[in-house]
Every structure is written in C-alpha cells, then in structure tokens.
Amino acid sequence: MSDFPTVLVAVGAVAAVVLAALPAGLMLANLKRFQRSPATAPGAPAVSVLVPARNEAAVIDGLIECVLASQGCDLELLILDDASTDDTAQRVAAWAARDTRVRLVHGQPLPAGWCGKQHACQQLADAAQQPTLVFLDADVRVRPEAIARGVTFLQQSGSGLVSGFPLQETPAFLAWLLLPLIHFILLGFLPLSRSRASLSPALAAGCGQFFITTQVAYRQAGGHAAIRASLHDGVMLPRAFRRAGLQTDIFDATDTATCRMYETSREVFGGLAKNATEGIGSPRTIVPFTLLLAGGQVLPAGLLGLWLAGLIPADRPVAVAAFACILSYLPRLLGVIRFRQSLGSSLLHPLAIVLFLGIQWYALVRRGLGLSTSWKGRRLTPQ
C-alpha cells in the first residue's frame, strides 16, 4: 500500500502532461495563423457600422466619436436604441443633428422568441444602405484604421463573415482574472488551420463585439434571424454562416480595437453565465471540457502543491508534474506577450480555470432547472 500514492501521482502526472500539451501545442501553432488585419487595400467599399444600444449612455459618445474618426472608408453609423431607459437615444440624436453620417434607429418591440441583441442587429441590417456591414458593440473603441483594415481582411480571406478579437479592458477583479481566458480557449482548443479548410459549424469561432460581413452574405446566411433565440452571437452567428455554405474567419484586433465589457465582477459572472450553455457549458461539451481543463490546467499545480506540502513523495512523478505545470502556463505566458494581458492574472491561471468551470456548471444547472436570468433589464431564458 505504501507504493499506491506514488503510482497514483505518476498516472496523474502523465495524464496532466498529455492534457496540458494539447492547448500548449495548438497555441504555438495558432499564434502563427491568428494574424492582425492587413493594411488597408485601395478602393475599400462603403460601410454601414451597426451598433445595438440598450442603456448605453455612459459609453455611446465615445463609440460615436471613434467611429466617425475612421479613415480609409466611407461609412454611415446606425445606432439602434433598444428601449433604453436612460438618455442613450437623446445622445445619439444630438450627434445625428451634427453629422449626417449618424442615424438613430428606434427599435421595434421585442417579438416572442427573439433575444434582444439579435433583434436589434437584424433591424440595423435591414436599415443599412451600404454593401458592407460592420457590427460593433457599444463598449468597443476602434482606432481610425480599424474598420478599413477589418474590411480588407474580409476581402482577402474570401470569407462571408469575419470577426476581430479586441484587447479586453479589465477594471474588475473577475474580468482581470477570467477574460484573458478568451484567447486561451480560442487558440488552445480551436485548430485554426482545420477551421479555415472546413465549413463545419463545429469549427466556427467568432467574437460578437466586432463582426464584418457583406449584405449579400448576410442575407444568404439568414442574418440574425437565423439565431434569433441565441444569447451568444459570437459562436452562433459564424455557425449560421457555415450552415449556409459560407466560410468564416477570425483575426487579432488587439492593435486596432479595445472593449470594456464589464465594470464589476458581478457583471462578469452574469455575462459569462449568460453565454455559457451555447458554448463550453452546453450539455454536449461540458464534461469533455471539464476533463481537459481540470486535468491539464489545474491538476499540474495541484500535484506540485501536494508535493510542496509534503503529502506526496519527491521522485520522478513530481518532475513529470512540474513539466505539466510548465506546459499549462505556456499558453497564458504567450498571451501576456502577444495580447498585452496581465502577468499577475496569468500566474493565477489554475484559479481562473476553476472559477471558469464553476460558472459553466452553474449555467448548465440553471438551464436544467428552467431558471431564467436577466441582462440589461430583460429576463432571458437560456436555450
């Protein structure tokens, strides 16, 4: 019986190496492929920038200002006021009175079976007058070249839909701890080369903060009406395009766009839980992802912690566990360098994974119980 802990540690350490090696290897490969948008091509098409806004008075002026400063393309900026209870509409109307490129769209009442954001985006697309559509969240800030470069990426990729992943601002503790996992999950578990060679919806990825498409492709895919009940357009809209036979792609927008999604840790928790069951927290994916993430990202640090506490013997399995720990931290440290993420946050990576998985399971349990949640003052029922 005295050898049992050593055998157990050895098996766990080897499993941890295998599970940690997958995201580490994919991250290294994907960083070469996940490129920033190219320089603007001459003759860029005119663009409709489409922004759904519900109670966004605190951020809408900054969004309008940076979009109107865009260079390299002609644009119109349509902002839909989605039954705001603050002065969002009045602020947009004031801009529209000063600049003819700005248009205020008054949202229609939310029909049954629709998510608010999807309904707003569909109305915006219906009102757009230009051949290229750029969907931005109200809390995104773009540099002057961001939109033109994103359109150039769309053209060069040959895709029907592309999306950029902005730099995430993290003012709250849970945002600082958890939002860097966006790049870790994306590049550590999506084989980007296979995704680009396939139309499989299972290999679709996107970021709902910054989408670019054309009027023709959008209509062919069914628009946001195709995902009307979804709470997670970042995943579901690219899948809809692929089901329609249109390729999708992603690019690194760290250098051209920022997003401040959440101000408080409570908002972070609610936002991640809202989207969970259409991604990792779905009944089909949560168990394998729990095994992958817990085994490859939490177990290595746990084994080393047990060794430091003197609870497991110091022999070869500990060296294997240490190697697994290095592999588990490698993607996060690469993210610090490439995506300007916090080093302190990356050092708490195992804790972040534990909390992230906890939110996924929390969301799944709520879905199983048929419990609704709320977002921006609306009751939502997870699909």
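The values are calculated or read from the model by the stated rules, or taken from the named source; none is laboratory data. For clarity, every value in this text was computed on a predicted model and none was experimentally measured. Cβ atoms come from the backbone with ideal geometry, glycine included; neighbour counts cover every protein chain shown.
Summary of computed values
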item	result
Top-ranked residue of region 22-37 - restricted to ones that are touching a strand residue (DSSP E or B) at 6+ places or on another chain (Cβ under 9 Å) and surrounded by fewer than 19 Cβ atoms within 10 Å (Cβ to Cβ), ranked as farthest from PHE323 (Cα to Cα)	ARG36
Which listed residue, of LEU246, LEU237, LEU231, is within 16 Å of the chain's Cα centre (by Cα), in a loop (DSSP other than H, G, I, E, B) and in the same structural domain as GLN168 (by TED's automatic domain parsing)	LEU231
Matching residues, region 176-216, being in contact with a Pro (Cβ under 9 Å, 6 or more places away or on another chain), surrounded by fewer than 23 Cβ atoms within 10 Å (Cβ to Cβ) and within 30 Å of PRO131 (Cβ to Cβ)	PRO201, LEU203, ALA205, THR214, GLN215, VAL216
Looking only at region 358-377, and only at residues there that are at pLDDT 80 or above and of a type outside the set (A, V, I, L, M, F, W, C), the one that is surrounded by the most Cβ atoms within 10 Å (Cβ to Cβ)	GLN360
Per-region count, region 249-263, residues more than 26 Å from THR290 (Cα to Cα) and either in contact with an Asp or Glu (Cβ under 9 Å, 6 or more places away or on another chain) or part of a loop (DSSP other than H, G, I, E, B) (or both)	5
Matching entry among VAL298, VAL318, VAL287, VAL268 (being surrounded by fewer than 18 Cβ atoms within 10 Å (Cβ to Cβ), part of a helix (DSSP H, G or I) and not basic (Lys, Arg))	VAL287
Candidate set: region 136-194, residues that are of a type in the set (S, T, N, Q), farther than 24 Å from GLY222 by Cβ and outside any strand (DSSP E or B); chosen: the one nearest to the chain's Cα centre (by Cα)	THR170
